[in-house]
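Data block below; observations after.
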Amino acid sequence: MKAAMLYGIRDLRVEDVETPEVRAGEVLVRVRAATTCGTDLKIFQRGYVERVIKPPTVFGHEWAGDVVEVGEGVEWPRIGMRVRAGNSAPCLRCFMCQKGKYNLCENMIWLWGAYAEYIKVPAPMVRVNMQEIPFHVSYEEAAITEPLACVLHGIEEAGVNLGDSIAIIGAGPIGLLHLLTAKKMGAEKVIMVDLVEERLDLARRLGADETINAAREKVEERVRQLTSGHGADIVIEAIGRPETWEQALKLVRKGGKVLEFGGCPPGTEIHVSTELLHYDEVTVMGTFHATPLHFRKALNLIASKTINVAPLVTRKMPLEKIKEAFEILATSKNEVKIAITP
Ligand SMILES: [Zn+2]
Ligand SMILES: [Zn+2]
């Protein structure tokens with residue numbers, strides 16, 4: 001089969017590799033769409049991302065496709081079924097799983113290799129994190145289940161409520177998913193912050209009430225203006241840089257919450273004033289990944305069009321052009337997600 005192999009920085013090659021052999025409990029899926037994501041772009045640009053992936057390797061983790069083969073003992077799914085799965089499966093037995101924190105599982109199984117003709121889903125993932133895709137949902141939309149699951153987890157932990165004002169730093173795919181979700185949760189005002197006007201345009205089209213171009217405007221001042229001088233009830237950082245993690249702390253109101261969502265490089269530290277936590281009672285939190293429940297919920301919300309993820313796929317490209325796709329993502333101001341079709 002053909003698969004995209006990552007060898008290092010910007011070194012991505014489509015090669016012929018062995019089609020995986022299916023053993024007991026496993027399922028082989030013909031990938032119909034794999035969507036690009038910020039993590040993949042980081043991996044492409046840095047050549048690796050610590051704790052996530054080391055080259056040479058197949059990569060890509062947001063996908064959907066058709067079941068073409070099932071291993072011994074698999075009663076569900078059936079051949080021909082449209083499915084999505086992963087990109088993780090918690091063990092359900094470790095200390096963190098027993099605490100109900102499935103996203104923090106100590107034996108988490110991860111699945112990479114979506115940019116390929118076929119992907120093999122491990123048995124534990126077939127059991128706990130694979131779903132059938134309703135007929136009216138496209139493969140591209142279904143592939144976005146994974147990032148939406150992570151966003152649902154974040155929004156849940158931050159406790160977005162009816163009438164909240166929310167500032168989101170970063171209008172990339174993750175920031176936009178936060179925007180769509182926060183609006184559905186009943187946020188009164190969502191303020192999007194980004195450096196690129198084209199991204200802010202899209203954010204406005206997707207429902208952002210206010211946008212701030214951080215290249216031209218004083219972000220802190222503008223957020224205060226837009227929130228009657230108080231700061232936002234909830235601030236979400238959706239980029240993954242220490243500067244913006246710290247900036248988020250300056251945009252929140254007293255007693256508000258800051259969700260630091262974007263992952264920074266290992267070893268990154270930020271400064272947090274003790275006064276902010278003490279006198280202003282600001283809660284600063286991070287969230288990581290999602291649980292199988294979030295994945296199921298995310299697909300259901302996509303299927304019911306409660307959260308319309310279709311506008312996030314701004315281009316479709318064949319697997320052969322995957323390198324070009326990432327070059328486009330690295331430089332373009334308009335692209336959000338590219339759907340790779342093997
Ligand atoms: Zn992703
Ligand atoms: Zn576990």
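The values are calculated or read from the model by the stated rules, or taken from the named source; none is laboratory data. Predicted model, so just to flag it, every value in this text is computed and none were measured. Cβ atoms come from the backbone with ideal geometry, glycine included; neighbour counts cover every protein chain shown.
Residues in the range 32-44: is at least one away from ligand 1 (no atom under 16 Å from the Cβ) and hydrophobic (A, V, I, L, M, F, W, C)?
First, pick out the residues of the range 32-44 that are away from ligand 1 (no atom under 16 Å from the Cβ): 32.
Checking the rest, the ones that are also hydrophobic (A, V, I, L, M, F, W, C) come to none.
Taking every residue of the range 32-44 in turn, none turns out to be away from ligand 1 (no atom under 16 Å from the Cβ) and hydrophobic (A, V, I, L, M, F, W, C).
Among the residues of the range 75-116, which ones are of a type in the set (D, E, K, R), outside any strand (DSSP E or B) and under 24 Å from residue 23 (Cα atoms)? Even if it seems obvious, please write down each step before you answer.
If we filter the range 75-116 for residues that are of a type in the set (D, E, K, R), which is where we start, we get 75, 78, 82, 84, 93, 99, 101, 106.
Adding the requirement that they be outside any strand (DSSP E or B) leaves 75, 78, 93, 99, 101, 106.
Within the range 75-116, 75, 78, 93 meet the criteria.
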Exercise for the section: Would you mind telling me which numbered condition in (1) polar (S, T, N, Q); (2) under 16 Å from the mean Cα position of the chain (by Cα); (3) under 17 Å from residue 117 (Cβ atoms) residue 57 fails? Expected result: (2)
Problem - Test: residue 171 is in a loop (DSSP other than H, G, I, E, B), on the phi < 0 side of the Ramachandran plot and away from ligand 2 (no atom under 16 Å from the Cβ) - result: yes
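Hey, can you tell me all the residues within the range 295-342 that are in a strand (DSSP E or B) and touching a Pro at 6+ places or on another chain (Cβ under 8 Å)? I'd like the intermediate steps shown before the answer.
Here is the first cut: in the range 295-342, the ones in a strand (DSSP E or B) are 313-318, 337-341.
Within the range 295-342, 318, 337, 340, 341 qualify.
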Completion exercise
Reported set for the range 204-219 where residues are over 12 Å from residue 175 (Cα atoms) and part of a loop (DSSP other than H, G, I, E, B) is 207, 209, 214, 215, 216, 217, 218
Practice task
Within the range 304-314, count every residue that is in contact (Cβ under 8 Å) with a residue 12 or more places away in the chain and surrounded by fewer than 16 Cβ atoms within 10 Å (Cβ to Cβ).
Solution key: 4
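Sort through 151, 190, 128, 196 and tell me the only one that's away from ligand 1 (no atom under 16 Å from the Cβ), among the β-branched types (Val, Ile, Thr) and buried (at least 23 other Cβ atoms within 10 Å of the Cβ). Write out each step before concluding.
Numbers: 151 fails: away from ligand 1 (no atom under 16 Å from the Cβ); 128 fails: buried (at least 23 other Cβ atoms within 10 Å of the Cβ); 196 fails: buried (at least 23 other Cβ atoms within 10 Å of the Cβ).
Matching residue, one of 151, 190, 128, 196: 190.
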Completion exercise
Within the range 131-148, residues away from ligand 1 (no atom under 16 Å from the Cβ) and in a loop (DSSP other than H, G, I, E, B) come out as 133, 134, 135, 136, 137, 138
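Quick one: would you say residue 87 is within 16 Å of ligand 2 (Cβ to nearest atom), in contact (Cβ under 8 Å) with a residue 60 or more places away in the chain and of a type in the set (S, T, N, Q)?
Considered against the rule, which asks whether it is within 16 Å of ligand 2 (Cβ to nearest atom), in contact (Cβ under 8 Å) with a residue 60 or more places away in the chain and of a type in the set (S, T, N, Q), residue 87 comes out as no.
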Handout entry: Qualifying positions in the range 90-110 - in contact with a helix residue (DSSP H, G or I) (Cβ under 8 Å, 6 or more places away or on another chain) and either within 16 Å of ligand 1 (Cβ to nearest atom) or over 24 Å from residue 148 (Cα atoms) (or both)
Key = 103
Exercise for the section: Could you check how many residues of the range 168-207 are of a type outside the set (Val, Ile, Thr) and touching a Gly at 6+ places or on another chain (Cβ under 8 Å)? Expected result: 14
Practice task
Return a yes/no flag: does the range 18-27 have any residue that is assigned by TED's automatic domain parsing to the domain that holds residue 320 and within 20 Å of the chain's Cα centre (by Cα).
Solution key: no
Exercise for the section: Check whether at least one residue in the range 257-276 is within 26 Å of residue 99 (Cβ to Cβ) and of a type in the set (Phe, Trp, Tyr), and report yes or no. Expected result: yes
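Name the residue, out of 159, 172, that is surrounded by 18 or more Cβ atoms within 10 Å (Cβ to Cβ) and among the small types (Gly, Ala, Ser). Explain how you work it out, then say what you get.
Details: 159 fails: surrounded by 18 or more Cβ atoms within 10 Å (Cβ to Cβ).
Within the list 159, 172, the selection yields 172.
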Practice task
For the range 64-89, name all the residues that are within 16 Å of ligand 1 (Cβ to nearest atom) and over 17 Å from residue 128 (Cβ atoms).
Solution key: 64
Practice task
Return the residue satisfying two criteria in turn: it lies in the range 181-203 and is assigned to a helix (DSSP H, G or I) and of a type in the set (A, V, I, L, M, F, W, C), and of such residues it is farthest from residue 165 (Cα to Cα).
Solution key: 202
